[in-house]
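Presented below is the structure to which this report refers.
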Amino acid sequence: MNEPPVLEIRDLHVTFTAHGREIPAVRGVDLTIERGQTLALLGESGSGKSVTAKAVMGLLDQPGARVRCERARLGGRDLLAMSEDQLRALRGSEMTLVFQDALSALNPVLSIGDQIGELYRVHRGLSRRQARARSIEMLDLVGIPAAARRVDDYPHQFSGGMRQRILVAMAVALEPDLIIADEPTTALDVTVQAQILELIDRLRRDLGTAVLLITHDLGVAAEVSDRVAVMYAGRIVERGEVEAIYDLPAHPYTEALLAAIPDLDTPASELRAIPGAPPSPAETPPGCSFAPRCERASEVCVTTRPALTPLRTGAGRHTACHHSEEMLDGALA
Amino acid sequence: MAPSPDVREPEAREPVLRAVDLHKTYRGGLLSRGGGVRAVAGVDLELYAGETLGIVGESGCGKSTLARMLVGLERPDQGEVTFRGRPFFTRGGVPRDIRRRVQMVFQDPLTSLNPRMTVHDIVAEPLRVHRLAQGSRAMRDRVGELLTLVGLSPDRMNRFPHEFSGGQRQRIGIARALATEPDVIVCDEPVSALDMSVQAQVVNLFAELQRTLGVALVFIAHDLAVVRHVSHRVGVMYLGRVAETGPAAGVYGAPAHPYTMALLSAAPVPKPRLKGRSRIMLAGDPPSPVAPPPGCRFHTRCWKATERCAEVEPVLEPGPDGGDHHAACHYAERAS
């Protein structure tokens, strides 16, 4: 029996209109995540990774934003054919979002128990008393000490790490098929970050949830993901299994990123910096978006945009670069 | 940045910057009960010419308060900062010539640059304040020189900060700090607000400036790998105190304090093959600096803690490999 992937997105485009100008933030992104898998969407600010997450959740319903997509399926169900009410029922129960900033994601005037309980009351129709009991269970599950006592506390009474745990509790409360975590640990300290990543990973293993992890941190992506998709200027430029990509990057951008971060164990004499800055989404160059900063760029890169194509190595490895095969040949030679 | 081989002879040279027993407590307003926030509680450090001292720690450990005291933006409640043996905090404030010699680079280049001033005016301001350039012609030339030094084109000096990218803005902040030809630059999280691909450019720039100008740096950051990369010596802070200090290779290679071990173990590494390695997981969050725990400040999260740790506060003592490597832990030897 062939189980459909938890999430399947084909050719997602998001365009914002501001001051009469069109700004294409996401320009043709495909995503597929299987059950129990973690896909890290890796990119710098402005690469379109967070916009992709919001578009998948259907949270870009605002004037000035246009979302276009050829195919969007969640566990085999067609999201594009659904009504707004049906989508609303899915959000929070079948697919959930963990935000970066827990303090602004939680309602400051409702107790934690009320906020987690709301999920059970709205989506499952439980009574207040039942919802409260389930909330305590969830707080326990994500490791909040004395859950039964703290369930009536308000967000400001918790520390940053605890608040992030509460967000994770809300995201997994209804055992969704998909959790989208948008920079879930960026605001946290290293020791607390390790706890939260461990928690998300444990819940993924125990509940078989698929996770889409949005991050800018190469370390974080390496720690928890099975597969990685690297975004640059609104497009995925490389994707594949995490080990393969980190061992032998086949896109110059991925290669340059890995060389630009310092290594704890072997401090190099000089970091290999990438010249220039990422392009603004409003004015991306024609041809390959990375060409102006790329040391391998040739004439064809400036004129023709490389498509995301499978590599000879197989294993679902795709890159969008005219020089990928020669990069791999060079590395193996 | 290649921390160049340690050329310093500790006895022979005077430190450029020395802090002795610094304390700083922020008192709350009317509504706050109990004491204030004890941001820094007894920190000593020495910075020698031409070296980089890295300070790492989590949020709330007092590293930014320490930075502000080291440049004289904040007056310590107790203790003293001296520049080449001369005290910072006199009755008339920080002497102007000391201010000139000790400069600062801030974390967020967008909020630390005045949006209504041109780049020329931003970089020229310290020149004007310290009367370092006579006449507008000389001023322009000097600003152009400084911008070139940090890798910006001088013909963009009449533009405003918002016309530059994040990495370029940070370069403007560095040019402003360099304007007075300082001996010391204190950098508070200078690369954390930058994109990954741009961080390396700025880190390399600091290295180059140190090589060519011989300026001493205090480099404060929460990113362990970046600090390791830039520093000759490192101090690890926890709740307002230094937990461990020593040469970068020693602190990272053979950490003596359990907190340093936990920090290093928790840092995510970009090596998928190391996934699932055994790590030290600390429970909970760092305690609040309003009421730091008695005894060793780390004992509430430490897996080696005993009764003694809850009662007696450990002081910095030479670690297992001796020399310059110090740790404030009763069980530092066992810790290695």
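Would you be able to say whether some residue in the range B:193-211 is crowded, with 16+ Cβ neighbours inside 10 Å, away from chain A (no Cβ under 14 Å) and within 26 Å of B:MET69 (Cα to Cα)?
Among the residues of the range B:193-211, not one is crowded, with 16+ Cβ neighbours inside 10 Å, away from chain A (no Cβ under 14 Å) and within 26 Å of B:MET69 (Cα to Cα), which makes the answer no.
Only one of these is open to solvent by 70 Å² or more (accessible area, probe 1.4 Å) and either within 11 Å of chain A (Cβ to nearest Cβ) or within 21 Å of B:GLU313 (Cα to Cα) (or both): B:ARG297, B:ARG301, B:ARG273, B:ARG279. Name it.
After applying the criteria, what remains is B:ARG273.
Look at A:LEU248 and say whether it is open to solvent by 10 Å² or more (accessible area, probe 1.4 Å), modelled with pLDDT under 95, away from every other protein chain (no Cβ under 11 Å) and touching a helix residue (DSSP H, G or I) at 6+ places or on another chain (Cβ under 9 Å).
yes
Given the conditions (1) aliphatic (A, V, I, L, M); (2) more than 12 Å from chain B (Cβ to nearest Cβ); (3) assigned to a loop (DSSP other than H, G, I, E, B), report the number of the one that A:ILE274 does not fulfil.
(2)
Return yes when A:ARG293 is in contact with a helix residue (DSSP H, G or I) (Cβ under 9 Å, 6 or more places away or on another chain), modelled with pLDDT of 90 or more and within 14 Å of another protein chain (Cβ to nearest Cβ) and no when it is not.
Against the criterion (in contact with a helix residue (DSSP H, G or I) (Cβ under 9 Å, 6 or more places away or on another chain), modelled with pLDDT of 90 or more and within 14 Å of another protein chain (Cβ to nearest Cβ)), A:ARG293 qualifies.
Go through (1) open to solvent by 10 Å² or more (accessible area, probe 1.4 Å); (2) of a type outside the set (A, V, I, L, M); (3) part of a loop (DSSP other than H, G, I, E, B) and name the single condition B:GLY79 misses.
Status for B:GLY79: all satisfied but (3).
Of all residues in the range A:26-54, which are among the polar types (S, T, N, Q) and either more than 20 Å from A:HIS318 (Cα to Cα) or surrounded by fewer than 20 Cβ atoms within 10 Å (Cβ to Cβ) (or both)?
Result: A:THR32, A:GLN37, A:SER45, A:SER50.
Residue under question is A:LEU264, and the condition is that it be facing another protein chain (nearest Cβ under 8 Å), without any contact (Cβ under 8 Å) to a residue 24 or more places away in the chain, more than 22 Å from the chain's Cα centre (by Cα) and buried (at least 23 other Cβ atoms within 10 Å of the Cβ); does it hold?
No; evaluated as a whole, the condition is false for this residue.
Can you find even one residue in the range B:119-133 that is buried (at least 17 other Cβ atoms within 10 Å of the Cβ) and within 14 Å of another protein chain (Cβ to nearest Cβ)?
no
Applying the selection to the range B:244-266, what residues are open to solvent by 10 Å² or more (accessible area, probe 1.4 Å) and either of a type in the set (Gly, Ala, Ser) or in a strand (DSSP E or B) (or both)?
Once the filter is applied, which keeps residues that are open to solvent by 10 Å² or more (accessible area, probe 1.4 Å) and either of a type in the set (Gly, Ala, Ser) or in a strand (DSSP E or B) (or both), the range B:244-266 yields B:THR245, B:PRO247, B:ALA249, B:GLY250, B:GLY253, B:ALA254, B:SER265.
Pick from the range A:137-153 the residues that are open to solvent by 10 Å² or more (accessible area, probe 1.4 Å) and under 28 Å from the mean Cα position of the chain (by Cα): which of them is nearest to B:SER288 (Cα to Cα)?
Among them, the one singled out is A:GLY143.
Kindly establish whether A:VAL122 is assigned to a helix (DSSP H, G or I) and open to solvent by less than 80 Å² (accessible area, probe 1.4 Å).
So A:VAL122 fails the test.
When you go through A:ALA210, A:ALA171, A:ALA221 one by one, which is the residue that is within 9 Å of chain B (Cβ to nearest Cβ) and within 18 Å of A:LEU41 (Cβ to Cβ)?
Going through A:ALA210, A:ALA171, A:ALA221 in turn, the sole match is A:ALA221.
The values are calculated or read from the model by the stated rules, or taken from the named source; none is laboratory data. These figures come from a predicted structure and were not determined experimentally. We place every Cβ from the backbone using ideal geometry, glycine too, and count neighbours over all the protein chains shown. Note: accessible area is taken over every heavy atom of the protein model, side chains too, but ligands, DNA and RNA are not part of it. Shrake-Rupley method; radii C 1.70, N 1.55, O 1.52, S 1.80 Å.
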